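Here the structure comes first, spelled out in structure tokens, and everything after it is commentary.
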Amino acid sequence: MELTILMPCLNEAETVATCVRKAQGFLERTGIEGEVLVADNGSSDGSPDLAREAGARVVRIAEKGYGRALIGGIGAARGRYVIMADADESYDFSQLDAFVEGLRAGNTMVIGHRFRGGIRPGAMPLLHRYLGNPALSFAGRLFFSSSVGDFHCGLRGVDREAALQLGLHAPGMEFASEMIVKATLAGWQVAEVPTVLSPAGRSRAPHLRSWRDGWRHLRFLLMMSPRWLMLYPGAFLIGIGLAAELAILRGPIVIHGIGFDIHTMLYAAGAIILGVQLVLFSLLARTVGVLKNLLPMSAPLARFLRVFTLERGILVGLLLSLAGLGLAAYSVENWAHARLAALNPATMMRVAIPSVTLMLAGAEIVFASFLLGLIDIRTTSASDS
């Protein structure tokens, strides 16, 4: 069987039969050997019976959630390709020709682009059209170097076997982002098709909740991109913190009448320490992501792991800590020369702040090295091979 047309369904009694008939009509018109599959997610309005009467095969997905319904449907599909869309008449199942052609041409995924195809009046809330979808799609393209223009179009076709290998598991609406992110990371060939979005044919309120589901999409994008969540912000904090500490090291500086002294230096030290933590967290998160098959091995991470050893990490951390201890010893020596009298804070804090910064950063690197050694994925990779 070449094609499965998949529809997730939760209480779509008003529209599911029409969608099934349109999909059946498409298969008959094109002569494609296929099936219409409805993944019912616990409907209580008779939707499954209506779908069967219209000619669909129905599978019940016990676990609640839009993503779980689609994952279960892909698993139950019999076709080589799966084209999926909501059973609410927002997409036209009788016009899937471009999706089939794109899949037959060798694309692993063909996804609709509603902003190119057209959004009919009332089909999409203004908040989604002008803020939610553009902002989240931009974030997805930025974080993952994806070329997909409409991350959240619900009409998309995939090669079923390839989709099963992605390890999809998002339970809710963020499934739409998960599929594109993991497809991009896996190096899939993806094509886009202009798609018309029409108002849903149902009278009940949609299952989508703008702010809740928007946050779930953004949360997923951030968790799948440790670089943008932690590495880049951490590197920025380290850079700006070091620049500030070095600038104030010899004495106060004044820029356009605004003075910066040891108080600024203290905040700069905090920025450095937080930055080091974020960089280390990014490295650990990326490593765990590879270990759990959530993220692919990247070339920079592979190069780092070839060089990194627990002993080298400990050595770097100890050297930084020893440098901090050296500055602390210098401060104590000056204090001793002053016969333990009170010292000028403006002078001594210029030594104490870098001293504490180096010691804390060194300690963080030492312990992070132990943790990275504990979850070393090179051993796992070797045993898997």
request  = Round to a whole angstrom and tell me the spacing of the C-alpha centers of the stretch 262-335 and the stretch 110-178.
outcome  = 36 Å
ask   = At what distance in nm do the modelled label points of V254 and R209 sit from each other, each positioned 7 Å from its Cα along Cα→Cβ?
value = 5.6 nm
message = How tilted is helix 175-185 with respect to the longest principal axis of the chain? Cα atoms for both, answer in degrees (0 to 90, nearest 10).
response = 70 degrees
key: Spin-label pair Y267/L325, simplified geometry with 7 Å Cα→Cβ offset, distance in nm   = 3.3 nm
Normalised per residue, the volume of the convex hull around the Cα set of the chain (Å³) = 184 Å³
task = Highest first, please rank the peptides 181-191, 25-35, 75-85, 147-157 by the mean number of other Cβ atoms sitting within 10 Å of their residues.
result = 147-157, 75-85, 181-191, 25-35
ask   = Using the beta-carbon distance between L164 and R104 and R0 = 22 Å, what value does 1/(1 + (r/R0)^6) give for FRET efficiency, to the nearest 0.05?
value = 0.70
inquiry  = How are the alpha carbon pair distances in the stretch 1-90 distributed across 10 Å bins from zero to the largest one, expressed in percent?
reply    = 21, 55, 23, 1
key: Of all accessible heavy-atom area on the chain, the percent that carbon and sulfur account for (1.4 Å)   = 63 percent
ask   = Taking a probe of 1.4 Å, how large is the accessible area per residue of the stretch 1-154, in Å²?
value = 41 Å²
inquiry  = Which of rounded, prolate or oblate describes the stretch 213-269 when judged by the alpha-carbon gyration tensor and an a/c cut-off of 1.5?
reply    = prolate
ask   = Cα axis of helix 210-223 to longest principal axis of the chain: angle in degrees, 0 to 90, nearest 10?
value = 60 degrees
request  = With no solvent and one equal point scatterer placed on each C-alpha of the stretch 2-160, evaluate the Debye formula and give log10 I(q)/I(0) for q = 0.11, 0.17, 0.19, 0.20 Å⁻¹, two decimals.
outcome  = -0.44, -1.04, -1.25, -1.34
task = At most 16 other Cβ atoms within 10 Å and a DSSP loop assignment: could you name the trypsin sites (Lys or Arg not before Pro) in the stretch 289-318 that fit?
result = K292
query = How much length is gained if the chain between R120 and V316 is pulled fully straight, taking 0.36 nm per residue apart and subtracting their Cα-Cα distance, in nm to one decimal?
reply = 64.6 nm
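The values are calculated or read from the model by the stated rules, or taken from the named source; none is laboratory data. Worth saying up front: this structure is predicted, and the values here are computed from it rather than measured. Positions of Cβ are generated from backbone atoms using ideal geometry, with glycine treated the same way; all protein chains shown enter the neighbour counts. Heads up: the accessible areas ignore ligands, DNA and RNA and are worked out on the full protein's heavy atoms, side chains in. Shrake-Rupley method; radii C 1.70, N 1.55, O 1.52, S 1.80 Å.
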